[in-house]
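Presented below is the structure to which this report refers.
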Amino acid sequence: MFGLFLLLQAVTLRLRFSETALDIYRGDKLIRHFPYQDWQNWQIFGLNVPILFYFREVNSIHFLPILFDPKMLKVCLEQRCPQIS
C-alpha cells in the first residue's frame with residue numbers, strides 16, 4: 001500500500017524550480033512553496049532513478065517521492081541552493 005502511495009505521488013506531483021523557491025504542483029494547482037533561503041540541506045536517494053528526494057528547512061524536513069533524472073535534479077538544486085559543506 002505504501003509503495004502504491006509513493007508511486008501515485010511520484011506520478012502526480014511536479015517540481016518547478018524558480019529563482020527563489022521550489023514549487024510543488026499537482027496538475028496546475030500550486031500545493032507547496034519552499035523558499036531556498038529556508039533550506040539547510042538536501043540529498044537525493046537513488047543512483048539511477050531517484051526514488052526519494054530529501055530536504056531540510058529551518059523548521060521541518062521533507063521527503064518527496066520522485067521520478068526524475070538524477071543528474072538534472074542535482075544540477076537544478078546546485079544552481080539554486082548549493083549545499084553547505
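Residue by residue through the stretch 1-31, note down the ones that are farther than 19 Å from VAL75 by Cβ and assigned to a loop (DSSP other than H, G, I, E, B).
MET1, GLY27, ASP28
Report whether or not ILE24 is in contact with a strand residue (DSSP E or B) (Cβ under 7 Å, 6 or more places away or on another chain) and surrounded by fewer than 15 Cβ atoms within 10 Å (Cβ to Cβ). I'd like the intermediate steps shown before the answer.
Details: in contact with a strand residue (DSSP E or B) (Cβ under 7 Å, 6 or more places away or on another chain): yes; surrounded by fewer than 15 Cβ atoms within 10 Å (Cβ to Cβ): no.
So ILE24 does not fit the description; no.
Scanning the stretch 10-21 for residues that are surrounded by 14 or more Cβ atoms within 10 Å (Cβ to Cβ) and touching a Pro at 6+ places or on another chain (Cβ under 7 Å), which turns out farthest from PHE45 (Cα to Cα)?
Out of the qualifying residues, it is ALA21.
What number of residues within the stretch 64-85 are outside any loop (DSSP other than H, G, I, E, B) and either loosely packed, with under 13 Cβ neighbours inside 10 Å or among the charged types (D, E, K, R) (or both)?
Our first condition is that a residue be outside any loop (DSSP other than H, G, I, E, B); within the stretch 64-85, this holds for 64-65, 70-80.
Keeping just the survivors that are either loosely packed, with under 13 Cβ neighbours inside 10 Å or among the charged types (D, E, K, R) (or both) gives 71-72, 74-75, 78-80.
Summing the residues that are outside any loop (DSSP other than H, G, I, E, B) and either loosely packed, with under 13 Cβ neighbours inside 10 Å or among the charged types (D, E, K, R) (or both) in the stretch 64-85 gives 7.
Identify, from the list ARG14, ARG32, ARG26, ARG56, the residue that is without any contact (Cβ under 8 Å) to a residue 12 or more places away in the chain and charged (D, E, K, R).
Numbers: ARG14 fails: without any contact (Cβ under 8 Å) to a residue 12 or more places away in the chain; ARG26 fails: without any contact (Cβ under 8 Å) to a residue 12 or more places away in the chain; ARG56 fails: without any contact (Cβ under 8 Å) to a residue 12 or more places away in the chain.
From the options ARG14, ARG32, ARG26, ARG56, the qualifying one is ARG32.
Of the conditions (1) assigned to a strand (DSSP E or B); (2) farther than 16 Å from CYS81 by Cβ; (3) more than 9 Å from the chain's Cα centre (by Cα), PHE34 clears all except one; give me its number.
PHE34 satisfies all of (1) assigned to a strand (DSSP E or B); (2) farther than 16 Å from CYS81 by Cβ; (3) more than 9 Å from the chain's Cα centre (by Cα) except (2).
Within the stretch 59-76, which residues are touching a residue at least 40 places away in the same chain (Cβ under 8 Å) and within 15 Å of PHE34 (Cα to Cα)?
Hits for the stretch 59-76 are LEU64, CYS76.
Here is a list: PHE68, PHE53. Which entry is under 27 Å from PHE5 (Cβ atoms) and in contact with a helix residue (DSSP H, G or I) (Cβ under 8 Å, 6 or more places away or on another chain)? Break it down into steps so the answer makes sense when it comes.
Numbers: PHE68 fails: in contact with a helix residue (DSSP H, G or I) (Cβ under 8 Å, 6 or more places away or on another chain).
Selected residue: PHE53, the only one of PHE68, PHE53 that is under 27 Å from PHE5 (Cβ atoms) and in contact with a helix residue (DSSP H, G or I) (Cβ under 8 Å, 6 or more places away or on another chain).
Only the coordinates and a few stated rules stand behind these numbers; no lab work does. No experiment lies behind these values; they were computed from the predicted model shown. A quick note on method: Cβ atoms are made from the backbone with ideal geometry, for glycine too, and the neighbour counts reach across all protein chains shown.
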